Amino acid sequence: QVELVESGGGSVQAGDSLRLSCSSSKRTASNNAMGWFRQAPGKAREFVAAIDWRGSSTDYGDSIKGRFTISRDSAASTVYLQMNSLRPEDTAIYYCGVFLRPYYSTGSGPRYWGQGTQVTVSS
């Protein structure tokens, strides 16, 4: 079992920035792709970003392209999400996940999930 712990969420104003972190309990994460998803109240969970096991390839959801950046420290099995120019519509619970494959692809989602961290953006 891989445990993931997210941190860095909070309440900010529109236009502000936040950096989310997700630490893994096992090095399993360092050999696999990791990603961020979010879920707003009353909405389905949405793909935000993903990064391959080496940190050399990234993918982003259309709604956040150009504003968010995913990165990772594979040695520490940690993934980050730098969120700039935040908007009220970015308000959601953000979850990180570990895929059971080294590269991200659409289809099956992460095998392991964190508990989520709340991001609230006010106008």
Subject >> Solvent exposure of the chain as accessible area per residue, Å², 1.4 Å probe >> reply: 49
Original post:
Ser57 versus Gln115, label points 7 Å from Cα toward the beta carbon: distance in nm?
Top reply: 3.4
**OP:** Assuming R0 = 35 Å, can you tell me the calculated FRET efficiency for the pair Gln39 and Ala76, based on Cβ-Cβ distance, to the nearest 0.05?
**Re:** 0.85
Original post:
For the charge dipole of segment 1-110, defined by +1 on Lys and Arg C-beta atoms and -1 on Asp and Glu C-beta atoms about the Cα centroid, which residue among Gly61, Met83, Ser71 has the Cα displaced farthest towards the positive pole?
Top reply: Ser71
Original post:
So what is the relative contact order of the chain, in percent, for Cα pairs below 8 Å that sit 6 or more residues apart?
Top reply: 36
Subject >> Protein accessible area in segment 24-74, 1.4 Å probe - carbon and sulfur % >> reply: 45
Original post:
Counting Lys and Arg as +1 and Asp and Glu as -1, what is the net charge of the other residues whose Cβ lies under 12 Å from the Cβ of Leu4?
Top reply: 0
Original post:
Excluding the sites themselves, what is the longest stretch of the chain that contains no trypsin sites (Lys or Arg not before Pro) in a DSSP loop with at most 12 other C-beta atoms within 10 Å?
Top reply: 66-123
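The values are calculated or read from the model by the stated rules, or taken from the named source; none is laboratory data. Nothing here was measured: the structure is a model prediction, and the numbers come from that model. Here the Cβ is made from the backbone with ideal geometry for all residues, glycine too, and neighbour counts use every protein chain on show. For the accessible areas, the whole protein counts, side chains as well, though only heavy atoms, and no ligand, DNA or RNA atoms are used. Shrake-Rupley method; radii C 1.70, N 1.55, O 1.52, S 1.80 Å.
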